[in-house]
Amino acid sequence: QVQLVESGGGLVQPGGSLRLSCAASGIRFSISDMGWYRQASGKQRELVARIFSGGGTNYADSVKGRFTISRDNDKNTVYMQMDSLKPEDTAVYYCNAFRFPSTFWGQGTQVTVSS
């Protein structure tokens with residue numbers, strides 16, 4: 001059974017930082033592409049950042065230079081360091097694992113950026 005368990009969300013002031021973690025089990029983590037998506041209230045889910053099994057990354061334009069995705073294959077965990085947070089980053093953040101043809105989702109963690 002595949003499980004993706006996110007942690008690290010919370011309430012932070014504008015300009016602050018958070019680090020999200022996603023611990024994976026039940027998948028071949030090292031050969032899976034991992035990603036973070038987010039969904040703000042009333043909006044569609046969108047890709048935030050992705051890290052491929054080979055280590056390459058890509059980011060949404062809105063977070064480039066502020067967010068950093070990384071992975072630890074020994075711990076089956078993907079991280080996302082979020083700096084210089086803005087109110088528009090407020091959303092539920094979801095971890096995603098993809099290895100063709102399967103995709104898996106975590107339950108989500110709330111990030112709220114507000115003063």
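Below, the figures for the structure above:
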| quantity | calculated |
| --- | --- |
| Condition met for THR77 (under 17 Å from VAL113 (Cα atoms), polar (S, T, N, Q) and open to solvent by less than 50 Å² (accessible area, probe 1.4 Å)) | no |
| Elements of type strands (runs of 3 or more DSSP E) in the range 1-96, at least 1 residues being touching a Leu at 6+ places or on another chain (Cβ under 7 Å) and modelled with pLDDT under 95 | none |
| Filtered residue count, the range 2-51, keeping only those that are at negative phi and over 13 Å from the mean Cα position of the chain (by Cα) | 19 |
| Residue list for the range 84-104, filter: crowded, with 16+ Cβ neighbours inside 10 Å and among the hydrophobic types (A, V, I, L, M, F, W, C) | LEU85, ALA91, VAL92, CYS95, ALA97, PHE98, PHE104 |
| Answer residue from the range 1-27, given it is more than 14 Å from ARG71 (Cβ to Cβ) and among the hydrophobic types (A, V, I, L, M, F, W, C) and is surrounded by the fewest Cβ atoms within 10 Å (Cβ to Cβ) among those | LEU11 |
| Meets criteria (surrounded by fewer than 21 Cβ atoms within 10 Å (Cβ to Cβ) and within 18 Å of SER114 (Cα to Cα)) for SER30 | no |
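One line per residue, one yes/no per condition, for (1) open to solvent by less than 50 Å² (accessible area, probe 1.4 Å); (2) basic (Lys, Arg); (3) out of contact with any helix residue (DSSP H, G or I) (no Cβ under 9 Å at 6 or more places or on another chain); (4) farther than 23 Å from GLN1 by Cα:
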{"residue": "ARG45", "(1), (2), (3), (4)": "no, yes, yes, yes"}
{"residue": "SER53", "(1), (2), (3), (4)": "no, no, no, no"}
{"residue": "THR68", "(1), (2), (3), (4)": "no, no, yes, yes"}
{"residue": "MET82", "(1), (2), (3), (4)": "yes, no, no, yes"}
{"residue": "THR109", "(1), (2), (3), (4)": "yes, no, yes, no"}
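The values are calculated or read from the model by the stated rules, or taken from the named source; none is laboratory data. These figures come from a predicted structure and were not determined experimentally. Positions of Cβ are backbone-derived with ideal geometry, glycine not excepted, and every protein chain shown enters the neighbour counts. For accessibility, only protein heavy atoms count, side chains too; no ligands or nucleic acids. Shrake-Rupley method; radii C 1.70, N 1.55, O 1.52, S 1.80 Å.
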